[in-house]
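Data first, discussion second: the structure below is written as C-alpha cells.
The values are calculated or read from the model by the stated rules, or taken from the named source; none is laboratory data. Values in this document were obtained by computation on a predicted structure and should not be read as measured data. Positions of Cβ are generated from backbone atoms using ideal geometry, with glycine treated the same way; all protein chains shown enter the neighbour counts. Only protein heavy atoms, including side chains, enter the accessible area calculation; ligands, DNA and RNA are left aside. Shrake-Rupley method; radii C 1.70, N 1.55, O 1.52, S 1.80 Å.
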Amino acid sequence: MHLSTTLIIIIVTAIVSITAFNNQRVMDDLIFYPPSVKRGQWYRFFSCGLIHADWGHLIFNMFALYLFGEGKVNTAMGPVYTGVEFMFAEVFGSKGKLLYLLMYVAALAVCLLPTYSKNKDNYHYRSLGASGAVSAVVFASILFRPLVGMGLFFIPIYIAGFLFGAIYLFVSNLLERRGGGNINHSAHIWGALFGVAFTILACRILGNYPVLGNFIDQIRNANPSDFIQFGR
C-alpha cells in the first residue's frame, strides 16, 4: 500500500497526539514553551506540531491537512486533483515530495517566530498544534487553485478560495489584535503567509512555473458565478 507524504504526516501526528492525551510528561516535553526554547530547547518549534489539545483539535487539523494536501474535486470533466502534494509533484517532479515536506516542517517553526519574540519571557504561555503548518498547506492550495470553493462545515455556501483566504486573514488579524482566548491566531497568519511565499519562491527558483501569474490569470478570467457557489 502506497502512503503519501500527507498520510504519513497525519499518522505520525495522530500517534504522538493520542499518546500525549494520556501522558502529561509527553505533552510537557513537546509543547511550545518559550522560556524553555530560550534555554536552548529549539526542537519545541517543531515538536509542538505533533501534539494537540484534544480530539476535536486533532481531527480538525488533520482533516484540513488531508483535504488540502491530498484532496480532489469532481467536475464535469472528471476529478481534478487540487492537493498541494500532487501539485508539487507536477511542478517539481521527483523533488516535489521533499519540498512539500520541507514546507510543512519549516512552517511549524516559522509561524511561531513572532509568538516566541512576544512571549520568550512569559512563563505562563504555551502553544501546541499543527495549525500554522496546515495553514501553509491551505494557502499554497489557494495559490494553485484560487477558484476552488471553500466554506464552513454544514453551511452550503462556498466562496472562491482566494476570497475565503483574504477573509480568513482579515478575521484572524482582528482576533489577534483583540487578544484573549486560547487560539494562536498569529501562528495561523504567519503559517499562511509562509506557505504562499515558499510556494512562489520554490516555483520560481526550482520549478520555472509561473504560479503567481497563473493565480492572477485564473481570477481575471473567472466568471462572477465562480466566486460564490451554493451547495455542492
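Quick notes
- Cα gyration tensor shape for the range 116-232, rounded if a/c is under 1.5, else prolate or oblate: oblate
- The alpha-carbon of Lys95 sits under 15 angstrom from the alpha-carbons of these aspartates and glutamates, leaving out residues fewer than 8 places away in its chain: Glu85.
- Of the labelled figures [x] 30, 19, 18; [y] 36, 27, 18; [z] 30, 26, 16, only one reflects semi-axes √(5λ) of the Cα gyration tensor in Å as derived from the coordinates, namely [x].
- Between 0 and 90°, nearest 10: helix 211-220 axis offset from the chain longest Cα axis: 50
- Largest GNM mean-square fluctuation among Thr115, Thr19, Thr199, using the chain with Cα springs under 10 Å: Thr19.
- Spatially proximal aspartates and glutamates relative to Lys38 (Cα-Cα < 15 Å; intrachain offsets below 8 disregarded): Asp29, Asp121
- Nonpolar atom fraction for the chain, defined as the carbon and sulfur part of the 1.4 Å probe accessible area, stands at 65 percent.
- Solvent-accessible heavy-atom area per residue, rounded to whole Å², over the chain at 1.4 Å: 55
- Peptide packing for 123-129, 186-192 was compared via the average number of neighbouring C-beta atoms within 10 Å per residue; ordered from the highest value, the list is 186-192, 123-129.
- Compared with the alpha-carbon gap, the fully stretched path from Asn23 to Ala197 is longer by 59.0 nm at 0.36 nm per residue.
- Charge dipole magnitude, Cβ of K and R +1, D and E -1 - the chain, Cα centre, debye nearest 20: 420
- Across the protein chains, with a 1.4 Å probe defining accessible surface, the residues Phe68, Phe32 rank Phe68, Phe32 from largest area downward.
- Length added when fully stretched, Ile59-Phe46, from 0.36 nm per residue minus Cα-Cα: 2.8 nm
- Calculated FRET value between Asn214 and Ile183, using beta carbons and R₀ = 41 Å, to 0.05: 0.80
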